[in-house]
């Protein structure tokens, strides 16, 4: 069954802790988008916020670093209590080094790929990846439709992982809608990153629907 890394970007930010607790029983972890206003035009979330949220949930917290200097944010988010770090592949100068640094802290790490980026970019890194996030919309955009190429990309990633007997998790992020989730499930995704699908619907009913796919 598809698991949910629920995006806090779609929560009621004025009542964030209460909204987290409302959806926590229907989520496997929380997804926190971090944007510095340079890599993308948005400004989103930061280490001090993660530190404040950490005591209020038992779930793992993954941060998706949409920033220009990702290595500089590893220690602040480790100290804040993040469990998983996802880096935009095109922002990382030394992929091997950044993965090793995160893992040296006992945390999990992976890369996200833009719509335009091929899985071939990950070829030297597959054995090191805990997670690969397939982004389905333009980076930093909320509410956009999923690119039609995403299910095929996920299917190919699933084949690579199976052939090499890896434990890498596939996550689909962007354009997560009632009409796209069945396609992602059929393609072999492990996780989706629901935003409005979780917060704007009845989360219990949504998970029941998800379980029936």
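Read-outs throughout are calculated quantities, based only on the coordinates presented, and are distinct from any laboratory measurement. Computed from a prediction, not measured in an experiment: that's the story for all the values here. Don't worry about glycine lacking a Cβ; one is built from the backbone with ideal geometry, like all the others, and counts go over all protein chains shown.
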- Message: What distance in nm lies between label points placed 7 Å from Cα along the C-beta direction at residue 3 and residue 142?
- Response: 2.5 nm
- Quick one: in the chain, what % of C-alpha pairs are over 25 Å apart? 33 percent
- Query: In a solvent-free Debye calculation with one equal scatterer on each Cα, what is log10 I(q)/I(0) for region 50-123 at q = 0.11, 0.19, 0.21 Å⁻¹, listed in the order of the q values?
  - Reply: -0.28, -0.76, -0.90
- Cβ density ranking, 10 Å radius, fewest first, applied to 101, 68 yields 68, 101
- Task: Given the peptides 132-145, 151-164, arrange them by the average over their residues of other C-beta atoms within 10 Å, most packed first.
- Result: 132-145, 151-164
- Message: Give me the extension gain from residue 200 to residue 49: residue separation times 0.36 nm, minus the current Cα-Cα distance, reported in nm with one decimal.
- Response: 52.1 nm
- Note on the structure: Eigenvalues of the alpha-carbon gyration tensor of region 1-76, times 5 and square-rooted, give semi-axes in Å, largest first, of 22, 13, 12
- By how many nm would the segment from residue 103 to residue 164 grow when fully extended, if each residue of separation counts as 0.36 nm and the alpha-carbon distance is taken off? 19.9 nm
- Message: Restricting to bridges with both residues inside the chain, how much of the DSSP beta-bridge set is antiparallel, in percent to the nearest 5?
- Response: 5 percent
